[in-house]
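The values are calculated or read from the model by the stated rules, or taken from the named source; none is laboratory data. Given the structure is predicted, the values throughout are model-derived calculations rather than measurements. Here the Cβ positions follow ideal geometry from the backbone for every residue, glycine too, while neighbour counts run over all protein chains shown.
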Amino acid sequence: MSAGALTGALAEHPALAQWVAFPAPGKVTIYTGKVEIGQGVLTAMRQLAAEELDVAPERITIESGDTARTPNEGFTAGSQSMQFGGVALRQACAEVRARFLALLAERLACKAGELSIKNGSFQRNGKPTRQDYWTLAPSVDLKQKATGTAPRKPVSSYAVVGTDAARLDLPAKVFGEPAFIHDMVVDAMLHARAVRQPRRGVSVKAIDEAAIKKAARGPIDVVRHGNFVAIVGADETVVEAAAVAAETAVTWNDVEPLNPQQQEAAWLLQRPSIDRTVGAPEPAATGTSYEASFSRGHLAHASIAPSCALAEFNDGHLTVWTHAQGVFPLRASLAQSLGLAPAQITVRHVQGPGCYGHNGADDVAADAAIIATRMPGKPIRVRWRREEEFAFEPFAPAQVVKVRATLDASGKPVDWTAEIWSGTHSARPGSGHLLAAEALPNPPAPLPHADVPDGAGGGATRNATPLYDIAAKRIVQHLIPETPVRTSALRGLGATPNVFAIECFLDELAERAGQDPVAYRLSILSDPRARGVIEHVAHMAAWKPGLPSGTGRGRGIGFARYKDRAAYAAVVVELEADETIRLLKMWCATDAGLVINPDGAINQLEGGMIQAASWVLKEQVRLDREGVISRDWETYPVLRFSEVPEIEVELVKSDSDVPLGAGEASGGPTAAAIGNAVSHALGVRVRDMPLTRERLMATLLKT
Amino acid sequence: MPQTINLTVNGAPTQVTVERDDVPLLAVLRNALGLVGTRFGCGLEQCGCCTVLIDGAAEKSCTRPIGAVAGKSVVTVEGLGTPEKPHPLQQAFLDEQAGQCGYCLSGILVSAKALLDKNPSPTRSEIAQALDGNICRCGSHNRILRAVAKAAARMRAEARP
């Protein structure tokens, strides 16, 4: 980072007062646009600020994700919170620190180098000056802009960053205190449920209000605005009963049946697509070529709780409480949908259940906001039903990845093509519409079909180019504009299917070359940090070349550098497989550069591995003619406690002062390591996720 | 017709008045009694977020009619311990940083309490089986298993004369 450059959102919000305040003696407030979504980000942000300001963490409180108070840092997504948001906050704190030191040096007529800070108090040559941040604060104008020139503390002096600070939010959750948006209670709050359109754009045929009211067995109101229908009442149980009845009591015009085949990724291959090629020009065909096709179906975020929001419309001002990943983008979308100016809307983040991407949080906020604007003065709480979340959240798109490689005489790839078929990986506010907005009398115009831009890490193309030393690499992308279900971002986006394809195919190439998978990878990989994690995980797992395949017990490896610019991760999985798969042990080595909170990073990496194991072994959204039929935990099973193996995660030491996003780094490598271990155990390869009993049986019977 | 139902909640005799006796226990705990520690996850008895102890047994509260717990003793996560006086399970969960989003933890703590009441020395696999009715979506499973084992060990040590 060059002097003078401002990182991340600090460039758009250079005024220091937008990041740091000294509200009362001994107290510091920091402001971040990043939000807690179960990943521990606020704990890590506080460590960064405490370190750079030299103030005890306990003195610092955090304001996060509030359109009225915090900087606009877009979405909390893409493993970017530390790498960009954290670095911006660190830089802002360094600037603040430098301003205070400069002022005191001037007052004491000494060199700034003679001054130091201990828990907020300033010392000169190690002796107290009787000055601290709070005595000097009235004289320091934090409305001034950051210059990007303030020196940062050297990493070697860090005392708070790099330690396992305990999660700030955990005690409330362990003692059952109000901790989530679901637990918010506002005076005179009404409960509400939306009645979802079975397909986007369909119109109401009839509403049997009598049937709804009979089922409710208590007072409710039916609110209708265009094709948006909702049930509102004071008693949540009554409202819930009415909402269940409304599923059949409200009928719709022209509901096109779905085709159950649409749940399979292979269906994408026959669809119209928007095509592009990036990377090396078409190869001059020399050498032997191989290809293989990999896929996965649609995945649900399947957050542990259905989405929830509160909204209140008073005197022309809308306040929305949400667990969405981006309060500013949500505000912009709400303003557009409701015909309000952004200044008429305040959006505040409140913690919700674990969030792994664009789930129903934005949409339920729109539901609450629409109802609130129809019922001014009444606080409205909407909590989706479990079935509603499973059926209407935006899903991760199904994806097919066909990999083609041309090999040299020694069996190493010299030309590589990844051809990808997928729907979009982003329908977030700004790239897509809020679900209920499409039911309003004047629905917003369709947005152009697009995927996540390459500059933001790509969507379907994320991690589609292997990091290995291959002379020519290219991606052929087929973006499928019309998909049977709405698709958007899920942790890792296209990286999961792409890394699965790349790393499984590499094992196939290693086998053809008669080489051990680890040795083969290292023979075509020169990035030292990449080699570092692969060697490290091989050591952790006591990897031995030459174990026979087809014995029913297998082990596999997977590697990627997330987005080619975040953390490096390598995973080894050991398992048993016959017609079912039993995970025995998983190991992960990660190089995440500067790690703010090692235990927090390990927790995220471990969680990513378990979630990826669940995706690979179990998960797929199921469709029939009516729509989504995987609407509960029985029809959308996830990994349970007794199916989770022991896991070891180690962080590879790094001298870097740059944090590399780690929250999504372990998923792709884990998926690939499982795919490779299953192949090793069975002696045959299953290339389509999830690796269900039916798929394993079908593959075994073919051989 | 409003009905009055008597039960014991976290050791305290409690009287609730409900319009109908099929209101779920979870709704009464959260909305009438303000005990929001017991979380709603699915309403289908599948995820375990709403687990409470009913006469000592771990039960899902999301579909349990309030009428069916009349006269019974209900213990929620709030009844396990407090920040000042944490239950060994709660302390162990903090020590192990056993959680990510934490939404599942109330139900898991209660299920673990029911396990340790019956089996003070569970193996990893016994703990996992006891928690199979509780879903954790973030992937904190191993930390949670470690925390339960740690709490069990501490409770055994304390129980020794």
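Yes/no per residue for (1) modelled with pLDDT of 95 or more; (2) within 34 Å of the chain's Cα centre (by Cα):
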{"residue": "A:GLY78", "(1), (2)": "no, yes"}
{"residue": "A:ALA105", "(1), (2)": "yes, no"}
{"residue": "A:LEU108", "(1), (2)": "yes, no"}
{"residue": "A:ARG152", "(1), (2)": "no, yes"}
{"residue": "A:ILE181", "(1), (2)": "yes, yes"}
Next item on the list: Please enumerate the residues belonging to segment A:628-657 that are modelled with pLDDT under 95 and not acidic (Asp, Glu).
Entry: A:LYS653, A:SER654, A:SER656
Notebook entry, point to check: With respect to B:GLN90, is the statement that it is closer than 26 Å to A:SER303 by Cα, free of Cβ contacts under 8 Å to residues at least 24 places away in the same chain and out of contact with any strand residue (DSSP E or B) (no Cβ under 7 Å at 6 or more places or on another chain) true?
Noted result: yes
Note to self: If the requirement is being within 12 Å of another protein chain (Cβ to nearest Cβ), under 25 Å from B:GLN15 (Cα atoms), in contact with a Leu (Cβ under 9 Å, 6 or more places away or on another chain) and charged (D, E, K, R), which of these qualifies: B:GLU59, B:GLU78?
What the structure shows: B:GLU78
Check: If you go through segment A:331-364 one residue at a time, how many are assigned to a helix (DSSP H, G or I) and within 21 Å of A:ALA230 (Cα to Cα)?
Finding: 10
Notebook entry, point to check: For segment B:65-75, what are the residues that are over 13 Å from the mean Cα position of the chain (by Cα), within 13 Å of chain A (Cβ to nearest Cβ) and crowded, with 20+ Cβ neighbours inside 10 Å?
Noted result: B:ILE66
Notebook entry, point to check: Is it the case that segment B:112-123 has a residue that's without any contact (Cβ under 8 Å) to a residue 40 or more places away in the chain, more than 7 Å from chain A (Cβ to nearest Cβ), within 23 Å of A:GLU634 (Cα to Cα) and not polar (S, T, N, Q)?
Noted result: yes
Margin query: Among the residues that make up segment A:586-608, is at least one of them surrounded by fewer than 24 Cβ atoms within 10 Å (Cβ to Cβ) and assigned to a strand (DSSP E or B)?
Written below: yes
Checklist line | Every residue from segment A:22-44 that is hydrophobic (A, V, I, L, M, F, W, C) and in contact with a Leu (Cβ under 7 Å, 6 or more places away or on another chain) | finding: A:VAL28, A:ILE30, A:LEU42
Next item on the list: Count, please, the residues in segment A:51-73 that happen to be within 25 Å of the chain's Cα centre (by Cα) and either among the acidic types (Asp, Glu) or outside the structural domain of A:VAL87 (by TED's automatic domain parsing) (or both).
Entry: 3
Notebook entry, point to check: Regarding A:ALA613, is this residue crowded, with 22+ Cβ neighbours inside 10 Å, away from chain B (no Cβ under 12 Å) and either at pLDDT 95 or above or in a loop (DSSP other than H, G, I, E, B) (or both)?
Noted result: no
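Does A:VAL202 fit the bill of being at negative phi and either more than 14 Å from every other protein chain (Cβ to nearest Cβ) or among the polar types (S, T, N, Q) (or both)?
yes
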Check: Quick one: what pairs do we get from segment A:163-191, first residue at the interface with chain B (Cβ under 7 Å from one of its Cβ atoms), second hydroxyl-bearing (Ser, Thr, Tyr) and part of a loop (DSSP other than H, G, I, E, B), C-beta under 8 Å, 6+ apart or different chains?
Finding: A:LYS173/B:TYR103; A:PHE175/B:THR82; A:GLY176/B:THR38; A:GLY176/B:THR76; A:PHE180/B:TYR103
Note to self: Looking for something over 29 Å from A:GLY667 (Cα atoms) and more than 9 Å from every other protein chain (Cβ to nearest Cβ) - is there at least one such residue anywhere in segment B:30-42?
What the structure shows: yes
Next item on the list: Please verify whether segment A:651-665 includes one or more residues that are buried (at least 19 other Cβ atoms within 10 Å of the Cβ) and more than 17 Å from A:ALA567 (Cβ to Cβ).
Entry: no
Notebook entry, point to check: Residues of segment A:313-332 being touching a Pro at 6+ places or on another chain (Cβ under 9 Å) and buried (at least 24 other Cβ atoms within 10 Å of the Cβ), which ones?
Noted result: A:PHE313, A:HIS323, A:ALA324, A:GLY326, A:LEU330, A:ARG331
Next item on the list: Provide a single number: the residues in segment A:51-85 that are under 21 Å from A:ARG491 (Cα atoms) and surrounded by fewer than 21 Cβ atoms within 10 Å (Cβ to Cβ).
Entry: 1
Notebook entry, point to check: Does at least one position in segment A:309-324 carry a residue that is outside the structural domain of A:SER526 (by TED's automatic domain parsing), among the aromatic types (Phe, Trp, Tyr) and farther than 27 Å from A:GLY233 by Cβ?
Noted result: no
Next item on the list: Please indicate, with yes or no, whether at least one residue in segment A:50-69 is modelled with pLDDT under 95 and of a type in the set (Gly, Ala, Ser).
Entry: no
Next item on the list: Please go through segment A:296-317 and pick out each residue that is more than 30 Å from A:LEU269 (Cβ to Cβ), in contact with a strand residue (DSSP E or B) (Cβ under 9 Å, 6 or more places away or on another chain), assigned to a strand (DSSP E or B) and touching a residue at least 60 places away in the same chain (Cβ under 8 Å).
Entry: A:CYS308, A:ALA309, A:LEU310, A:ALA311, A:GLU312, A:PHE313
Note to self: If I filter segment A:478-500 for residues that are of a type in the set (Ser, Thr, Tyr) and in a loop (DSSP other than H, G, I, E, B), do I get at least one hit?
What the structure shows: yes
Notebook entry, point to check: How many residues does segment A:271-309 contain that are surrounded by 23 or more Cβ atoms within 10 Å (Cβ to Cβ) and more than 14 Å from every other protein chain (Cβ to nearest Cβ)?
Noted result: 5
Notebook entry, point to check: How many of the residues making up segment B:76-106 are in contact with a Lys or Arg (Cβ under 7 Å, 6 or more places away or on another chain) and either of a type in the set (D, E, K, R) or surrounded by fewer than 19 Cβ atoms within 10 Å (Cβ to Cβ) (or both)?
Noted result: 2
